[in-house]
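Structure first, then comments.
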Amino acid sequence: MGRYVAQVVTNATAERAFQVFTDPTRFPQWQGMVLGAHDATGPLNVAGSTVDIDHGPGLRRTMTVLAVEPGERVRYRQTGMGMDEVTTVRF
């Protein structure tokens, strides 16, 4: 398994960035190639919640929240479109 590290710098507070990141209606605003997010089973700031992410006709993946530390960290798994990966985002 490989490891990939990326950093995004913003003027937003950690709490605000966390709010935007866990709001699936905002995904198309900050994720390139995301058309929308649908069928959430719960809020994405709660472990166990899932959402389907739409990349176009027949191109969907599912995000499952594995762990959350509000305002600090979200760990999630993405499956579909040939991928199965776990990502940790720190704020």
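The values are calculated or read from the model by the stated rules, or taken from the named source; none is laboratory data. Quick caveat: nothing in here was measured; it's all calculated off a predicted structure. Here the Cβ is made from the backbone with ideal geometry for all residues, glycine too, and neighbour counts use every protein chain on show. In case anyone asks, the SASA skips ligands and DNA or RNA and just uses the protein heavy atoms, side chains included. Shrake-Rupley method; radii C 1.70, N 1.55, O 1.52, S 1.80 Å.
General observations
- Here the label points at A6 and D39, each 7 Å from Cα along the C-beta direction, are separated by 2.5 nm in the simple model.
- Once you reduce segment 47-65 and segment 1-43 to the center of their Cα atoms, the two points are 12 Å from each other.
- In order through segment 15-24: 3J(HN,Hα) via Karplus (6.51 cos²θ - 1.76 cosθ + 1.60), integer Hz, x for Gly, Pro: 5, 5, 4, 4, 4, 5, 4, 8, 9, x
- Accessible-area composition of the chain, carbon plus sulfur, in percent [1.4 Å probe]: 51 percent
- Under a model in which nothing but the beta-carbon of Lys, Arg (+1) and Asp, Glu (-1) is charged, the chain shows a dipole of about 200 debye around its Cα centre.
- Surface listing: L66, L44 arranged by accessible area from highest to lowest gives L66, L44, probe 1.4 Å.
- Only helices enter the 222 nm calculation for the chain: every DSSP H run of n ≥ 4 contributes -39,500 (n - 2.57), and dividing by all residues gives -3000 deg cm²/dmol, rounded to 500.
- For the chain, the pair-distance distribution built from all alpha carbon pairs, in bins 5 Å wide starting at 0, is 3, 13, 23, 28, 21, 10, 2, 0 percent.
- Electrostatic tally near G2: other residues with Cβ closer than 15 Å to its Cβ, Lys and Arg +1, Asp and Glu -1, net -1.
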